[in-house]
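Visitor: If you scroll down you'll find the structure; I have some questions about it.
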Amino acid sequence: MENYIVSARKYRPMTFDTVVGQGSLTTTLKNAIQSGRLAHAYLFCGPRGVGKTTCARIFAKTINCLTPQANGEACGECESCKAFNEQRSYNIHELDAASNNSVEDIRQLIEQVRIPPQIGKYKVFIIDEVHMLSQAAFNAFLKTLEEPPHHAIFILATTEKHKILPTIMSRCQIYDFKRMGVDDIVSHLNNVAEKEGITAENAALNIIAQKADGGMRDALSIFDQVSSFCGGNITYQQTIENLNVLDYDYYFRLTDYFLEEKITECMLTLNEILSKGFEGQYFITGLSSHFRNLLVSQDAQTANLIEASEEVRTKYKEQAQKCKPQFLYKAMKLANNCDLNYKQSQNKRLLVELTLIEMAQLSSDDGTSSGLCPTKILKPIFERLKKLPQNEEGSLSGSTSAEHSHATTTVSAHAAALTPRQNASTAPSKTPAPQGAPMGGVIRGFSIRKTAQQAPENRQQETKEAKQTVEVQTFADKEFDTVTLTIAWREFAAGLPQEETAMSRQMDNMEPSLLDDGTTFLVIADNPSVMNELNKIKPRVEAYLQQRLQNQKVRMTTRLREVTDKRVSYTRREILNMMLEQSEALRKLKEEFELELT
């Protein structure tokens, strides 16, 4: 059986013209050979598998050719070229610096430099992975590299240019090899497939080229692997299966679901992807690239930036017409934010699912969102529950407890003094909220967006009516104790807006104490500045507590802390026990659901 040779070795370029993707460098080297302007040292830098060592060998072969051609290439027929092709040339020496990196190895190399070539003009020393040389070896090599014999040429190759000493780099001509483009790799793979008698789909070769990440050697290795799996007929489906690459179709389907706000289908598609063994972060980065490709497809000038087959590019152009630029901007920000937070997340799947849910609601979001989350209220995710009958809904919203039947009147200015966070979720109501519900309750069907979208004349009319009418709320002057007062006090502190965070923390550490009259409470401030801030928000505090405690006589007084004052504080468990003693409903709720304080 004939010995098998991998494609990366079998189809290694033998001339400058067959080198793929490095046209500018090969032209420079050919011109230098033709003009006879050869440097004594070269440094070839670049990523793996882009042709550094190959070009060094071709260069060494060409400068020693006895009958060079007019185009600067070696003839391949003279004794020097034949010796090179048969790997028996004594003019070319290769040293692997990864395994020969000591001072003794460099000294042996220097001894060989002194011997002139037997055939040809030059002795070429190719040192691969030169960055692996030790510090002492570099220093021993400096003098010879700076002033070698006229017949010696050094070619240093490295993938990590930053590790080379500046004193070494200053003695060399530096050539930076670039990564190969997808189109160049696909073209070369087509040639190899044709010579090997293998049929290959262009989309499959594109996947191989993208997987190679700009390295021809990696591309040929992957090509051999896939051709063995496919049995000589390389298809797109078999390629993505063998290389464990996520199909383009998933991204196109998900984008359609986002535009149609089909969240259920998005969740099922993600589950299908994860069940095939793909990592969530791999999926989310691929989705980011998909949105980027859709964005560049919207402009004919940038459409060529997509590295994909012509068939896939056509799909991108078609789907890009359905997407608004704002949707793509926000979707990319959401995907990028998910990618950044993925490693820190304890529930990675939930993080990806939340990202997909937000993306599915971007198409109908016309607000000025940053893209990290929709500005609008999230819509129901799955099928809506059947609406309650009108009589049941009315009975729920209109039910009141017997404890709130006693009534006195109060001006709505108290409600206006509430914190902005509570005002945003509270609507005026002539009936008090059920006992135990949050202050202001939750009003069905209320929408901030709809309110903001009302016609200007309607808003002006409502403003006038609000100024002319006085909204009344009815409640009795109920008694309250220190525990209830402390709970209401902390609720107010927690509801302060973000710009008053410092005051919120100060209030959270204070303990209001109820005085003998049963309606006035005292707050002790630690310093005069805190006391001044408390006096500034005193009207807001009193208005909130009057409504929260259902007592219009609530008043607050403040003073500075003295040395003899002692702090009276309750733990969270003590507050919970007091609340359980006072509320039968809360106690039943705790027992029914077996709730515990964590």
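The values are calculated or read from the model by the stated rules, or taken from the named source; none is laboratory data. Note that the structure is a prediction, hence the values are computed from the model and not measured. Virtual Cβ from ideal backbone geometry, glycine too; neighbours counted across all protein chains shown.
Visitor: Within segment 135-150, which residues are in a helix (DSSP H, G or I) and of a type outside the set (S, T, N, Q)?
Guide: ALA136, ALA137, PHE138, ALA140, PHE141, LEU142, LYS143, LEU145, GLU146
Visitor: THR158 - would you say it is β-branched (Val, Ile, Thr), in contact with a His (Cβ under 6 Å, 6 or more places away or on another chain) and within 24 Å of ILE58 (Cα to Cα)?
Guide: yes
Visitor: Tell me, which helices (runs of 4 or more DSSP H) lie completely within segment 50-126 with 1 or more residues that are touching a Ser or Thr at 6+ places or on another chain (Cβ under 6 Å)?
Guide: Qualifying helices (runs of 4 or more DSSP H): 79-85, 103-113.
Visitor: Using the structure shown, decide if ILE168 is of a type in the set (A, V, I, L, M), touching a Phe, Trp or Tyr at 6+ places or on another chain (Cβ under 8 Å) and at pLDDT 90 or above.
Guide: yes
Conditions tested, residue by residue: (1) part of a loop (DSSP other than H, G, I, E, B); (2) among the aliphatic types (A, V, I, L, M).
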position	(1), (2)
VAL192	no, yes
PHE223	no, no
THR239	no, no
VAL245	yes, yes
TYR251	no, no
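Visitor: Here is a follow-up. Here are some residues: ALA97, ALA39. Which one is among the hydrophobic types (A, V, I, L, M, F, W, C) and exposed (fewer than 14 other Cβ atoms within 10 Å of the Cβ)?
Guide: Sole residue among the options that is among the hydrophobic types (A, V, I, L, M, F, W, C) and exposed (fewer than 14 other Cβ atoms within 10 Å of the Cβ): ALA39.
Visitor: Looking at HIS188, HIS162, HIS131, which one is in contact (Cβ under 8 Å) with a residue 60 or more places away in the chain, not hydrophobic (A, V, I, L, M, F, W, C) and not in a loop (DSSP other than H, G, I, E, B)?
Guide: HIS188 is the lone residue from the list that is in contact (Cβ under 8 Å) with a residue 60 or more places away in the chain, not hydrophobic (A, V, I, L, M, F, W, C) and not in a loop (DSSP other than H, G, I, E, B).
Visitor: Okay, moving on. Can you name the residue in segment 296-349 that is in a helix (DSSP H, G or I) and of a type in the set (S, T, N, Q) and, of all such residues, is surrounded by the fewest Cβ atoms within 10 Å (Cβ to Cβ)?
Guide: If we take residues in segment 296-349 being in a helix (DSSP H, G or I) and of a type in the set (S, T, N, Q), then ASN304 is surrounded by the fewest Cβ atoms within 10 Å (Cβ to Cβ).
Visitor: So for segment 255-277 (the condition being more than 19 Å from the chain's Cα centre (by Cα) and under 21 Å from ALA212 (Cβ atoms)), does at least one residue qualify?
Guide: no
Visitor: Out of ASN31, ASN3, I need the residue that is within 23 Å of ILE198 (Cβ to Cβ) and of a type in the set (S, T, N, Q). Which one?
Guide: Only one candidate qualifies: ASN3.
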